[in-house]
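Student: Would you mind keeping the following structure in view while I ask a few things?
The values are calculated or read from the model by the stated rules, or taken from the named source; none is laboratory data. Here the structure is a predicted model, which is why all the values come from computation and not from measurement. Note that each Cβ is placed from the backbone with ideal geometry, even for glycine, and that neighbours are counted across all protein chains shown. These area figures cover heavy atoms from the full protein model, side chains too; ligands, DNA and RNA do not enter into them. Shrake-Rupley method; radii C 1.70, N 1.55, O 1.52, S 1.80 Å.
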Amino acid sequence: MIRPMVNRDSAFFWEGTQKGELRVQSCNACGVLRHPPGPACPSCGALDRGYVVASGVGTVFSYVVHRHPPVPGKELPIVIALIDLDEGVRMVGEVADVPDQGEGAIEIGMRLRVDYNRVDDELTLPLWRRA
Ligand SMILES: [Zn+2]
């Protein structure tokens, strides 16, 4: 399967999913939240960063039903959504348990709650389900 890039900026995120926490990077200088994580605050430029643990609830902003091309380790189709977290950042994620994996079963504005798919000792992926 395809593994996400884990680097110095994103390690805290993946450490969080292993613990069942959805972590969102925060700026220790101005408090703004951001995702995806990066070295500098886009709002004030500060490098001092931390994170908050998000509630794990959000709203579908948009989504695609991925039918092709094949994805290693995945049975298609899968549903990939852009999710607006209640904390105000946008995150991409796979949505589980969509009946027929298709149209009508997921819609913009639908409320989702994060769950976790433990792949192995080093990787746990967020997985979204209908709230
Ligand atoms: Zn800042």
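Student: If Lys19 passes every condition in (1) more than 16 Å from the ligand (Cβ to nearest atom); (2) closer than 16 Å to Val114 by Cα; (3) open to solvent by less than 70 Å² (accessible area, probe 1.4 Å) but one, which one does it miss?
Tutor: Of everything listed in (1) more than 16 Å from the ligand (Cβ to nearest atom); (2) closer than 16 Å to Val114 by Cα; (3) open to solvent by less than 70 Å² (accessible area, probe 1.4 Å), Lys19 misses just condition (3).
Student: Do we find a residue being among the acidic types (Asp, Glu), under 23 Å from Arg130 (Cα atoms), in contact with a strand residue (DSSP E or B) (Cβ under 9 Å, 6 or more places away or on another chain) and more than 16 Å from the ligand (Cβ to nearest atom) anywhere in the stretch 53-75?
Tutor: No, the stretch 53-75 contains no residue that is among the acidic types (Asp, Glu), under 23 Å from Arg130 (Cα atoms), in contact with a strand residue (DSSP E or B) (Cβ under 9 Å, 6 or more places away or on another chain) and more than 16 Å from the ligand (Cβ to nearest atom).
Student: Quick check on my filter: what residues within the stretch 51-94 are in a strand (DSSP E or B) and farther than 20 Å from Trp14 by Cα?
Tutor: The answer is Thr59, Val60, Phe61, Ser62, Tyr63, Val64, Val65, His66, Ile78, Val79.
Student: Counting only residues that are more than 23 Å from Val114 (Cβ to Cβ) and not small (Gly, Ala, Ser), which one in the stretch 22-50 is least open to solvent (accessible area, probe 1.4 Å)?
Tutor: Cys41
Student: Let me ask another. If you check Ala54 against the conditions, is it surrounded by 13 or more Cβ atoms within 10 Å (Cβ to Cβ) and either at pLDDT below 95 or over 15 Å from the mean Cα position of the chain (by Cα) (or both)?
Tutor: In short, no.
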